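These notes are about the structure you will find just below.
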Amino acid sequence: MWGKNLRAKLDTVVILISHMGWLFLLSQLKHQGLPVEALDVIFQALVLSKVTYALQAFAGHISVTDRNRLDKFFRKSHPRGLANQVFNIRSLIDRFDSQLFRSIAHPDHCLHYLLPEKRHYSMLLRPRGHNYILNHISTTHFKNTFVIRCIFATV
């Protein structure tokens, strides 16, 4: 959701309230004897998939408060035995960003056109994570976009 001044606003309150309902459902299933492995699969299918859907698109615009809320939610689900691991929103963002960035680096990918031009070096320089030209960043909004985030993260 976009708030005033085109700043992204993740409506974490609504997401977390709906996920708290899922946590209650999962805890009831646990209470009735569903195995922990099955609970983890259901948690990832219902809760984690909802949080990570299109995460690359809005991850750069999630506020610190919203990240802390999501991390707190993930930390609560693990001790209750509803997930086998504690998820961290930062690590999820990094994982999904790197997966998509590797995919769009292929020329046949439909998002490949979003990448800047490749720099062609006439001399041998130290290896970098990519050969793309680094653009000048003038606004925070542009800095937080997926492609720019990934390009500067892999320098």
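The values are calculated or read from the model by the stated rules, or taken from the named source; none is laboratory data. All of these numbers come straight from a predicted model, not from anything done at the bench. All Cβ positions, even for glycine, are placed from backbone atoms using ideal geometry, and neighbour counts span all protein chains on display.
A few comments on the model shown:
- Here Leu34 fulfils each of the conditions (1) over 25 Å from Thr145 (Cα atoms); (2) assigned to a loop (DSSP other than H, G, I, E, B); (3) modelled with pLDDT under 85 apart from (3).
- Test: residue in region 72-85 that is of a type in the set (Gly, Ala, Ser) and exposed (fewer than 13 other Cβ atoms within 10 Å of the Cβ): no
- Here Ile93 meets the list (1) surrounded by 18 or more Cβ atoms within 10 Å (Cβ to Cβ); (2) touching a Leu at 6+ places or on another chain (Cβ under 8 Å); (3) over 20 Å from Leu114 (Cβ atoms) almost entirely, failing just condition (3).
- Here the condition is being at pLDDT below 85, at positive phi and among the hydrophobic types (A, V, I, L, M, F, W, C); of Leu23, Leu6, Leu10, it holds for Leu6 alone.
- Taken over region 78-101, the criterion of being of a type in the set (A, V, I, L, M), under 24 Å from Gln28 (Cα atoms) and out of contact with any His (no Cβ under 7 Å at 6 or more places or on another chain) is satisfied by Leu82, Ala83.
- Some residue of region 89-97 being of a type in the set (S, T, N, Q) and at pLDDT 85 or above: yes
- Of all the residues in region 42-64, those that are without any contact (Cβ under 8 Å) to a residue 24 or more places away in the chain, more than 11 Å from the chain's Cα centre (by Cα) and either exposed (fewer than 12 other Cβ atoms within 10 Å of the Cβ) or outside any helix (DSSP H, G or I) (or both) number 2.
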